[in-house]
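Any read-out appearing in this document is the output of simple, stated calculations on the displayed coordinates, not a laboratory observation. Small disclaimer: the values here were computed from a predicted structure and weren't measured. With ideal geometry, Cβ positions are generated from the backbone for all residues, glycine too; neighbour counts draw on all protein chains shown.
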Amino acid sequence: MIAYLNGRFMPKKDICIPVDDRGFLFSDSLYEVIRYYPGHLFRPDAHIRRLNHGAGHLALSCTDFSCLIPVVRDLIRRNDMASRDALVYIHVTRGCAPRNHPFPSPAPDPTIYVCVTPFDPGAREHRRKTGIQAITVPDIRWARCDMKTTGLTANVLANQQAVENNADEAIFVRDGVLMEGTHSNFMAVFDNTVITAPLSNYILGGITRETVLDLCRDLGIRTAESPIYTSRIHLASELIVTGTTLEVTPIVTLDGRPVRNGSPGPTTRALQAAFKKRILF
């Protein structure tokens, strides 16, 4: 596999990151995962905008990574993946400097790593059709979840808890409100209205989340960005997670209790069909 590091294309197996890189030392870094469908990237500009958002808040020496879109396309070509599904991974760190908590001065050039890997959509298609199981966990993450940083220890622990409970995803709960999943955004349907947590520093502004809200408007489905309380979640007719690899996936069991009749609902199905059409363009 060919990957990209700091301006150079090279075999992925030959890439090494210095131990003084602040991404390694402090998780002082950001990442993005972009879905590639045969023939086109899915909303790469939106992913880059989110990366730029994080870079600005972290005060990296570079805050515009739009130059990486041609790099991504070149990587897909170099790895002969133009006609297959793939995932693009972008990782940006503050760069290399002696280990010290404050920002190094002068600011180093960021470390930029990009790779592309094959993705099997069929492995997740069954889950989209039948639905997944999820659990709820306390939200112990830091208060800047709007930045897609690589410090994912809380997400890893929560997802492992899901695995140990025979579930596919864990939904973070903060002060009695369901926020988002470990690698997904969360939605619930109440009275034919799709509700999801409002954008804030406590959730990541998902690209798929944004797309699904747009699709709701196209389909005439009411939406609201407001808190989803644990005390009312039993009243939801449908629960949904959205994400780059999950697309639109129904939750049919939460904390061991079925969601309504335990099968994907009509709103989810309508959104799945609309999303499938959207990714073709």
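Compute the helix-to-body angle for 44-57: its Cα long axis versus the longest principal axis of the chain, expressed 0 to 90° and rounded to tens.
Here the helix axis deviates by roughly 70 degrees.
Among Gln133, Ile17, Val173, which residue has its Cα positioned farthest towards the positive end of the charge dipole of the chain, with +1 placed on the Cβ of Lys and Arg, -1 on the Cβ of Asp and Glu, and the dipole taken about the Cα centre?
Going by the charge dipole, the pick is Gln133.
Does anyone have the angle between helix 207-219 and the longest principal axis of the chain? Alpha-carbon axes, 0 to 90°, nearest 10?
40
Counting only helical runs of four or more DSSP H residues, what would the 222 nm mean residue ellipticity of the chain come to if each run contributes -39,500 (n - 2.57) and the total is spread over all its residues?
Working: 7 runs with 77 residues, N = 281.
My calculation for the chain gives -8500 deg cm²/dmol from helical runs alone.
Can you return the lysines within cross-link range of Lys12? Criterion is Cα-Cα under 28 Å, with same-chain partners fewer than 8 residues away left out.
Hits, sequence-local ones excluded: Lys148.
What aspartates and glutamates could a cross-link reach from Lys129, if we take a straight Cα to Cα line under 18 Å and drop same-chain neighbours fewer than 8 places away?
Straight-line reach from Lys129, under 18 Å: Asp120, Asp168, Glu169, Glu238, Glu247.
Share of Cα-Cα pairs in the stretch 159-222 beyond 18 Å, in percent?
Here the tail beyond 18 Å accounts for 43 percent of pairs.
On a 0 to 90° scale, report how tilted helix 266-278 is relative to the longest principal axis of the chain, with both axes built from alpha carbons and the result rounded to the nearest 10.
Around 30 degrees separate the two axes.
Summing Lys, Arg as +1 and Asp, Glu as -1, what charge do residues with Cβ under 15 Å from the Cβ of Ala97 carry, Ala97 excluded?
Numbers: positive: Arg22, Arg94, Arg99; negative: Asp20, Asp21, Asp28, Asp109.
Counting the neighbours of Ala97, the net charge comes to -1.
Restricting the calculation to Cα positions, tell me the Rg (one decimal) and the Dmax (whole number) of the chain in Å.
Cα-based Rg and Dmax for the chain come out at 19.4, 60 Å.
Using 0.36 nm times the number of residues separating Asn165 and Ser226, minus their current alpha carbon distance, what extension gain do you get?
19.1 nm
Can you list, largest first and rounded to whole Å, the semi-axes you get for the stretch 124-278 by taking the square root of 5 times each eigenvalue of its Cα gyration tensor?
Computed over the stretch 124-278, the values are 22, 17, 15 Å.
Would you work out the charge dipole size for the chain about its Cα centre, treating the Cβ of every Lys and Arg as +1 and the Cβ of every Asp and Glu as -1, and quote it to the nearest 20 debye?
About 480 debye.
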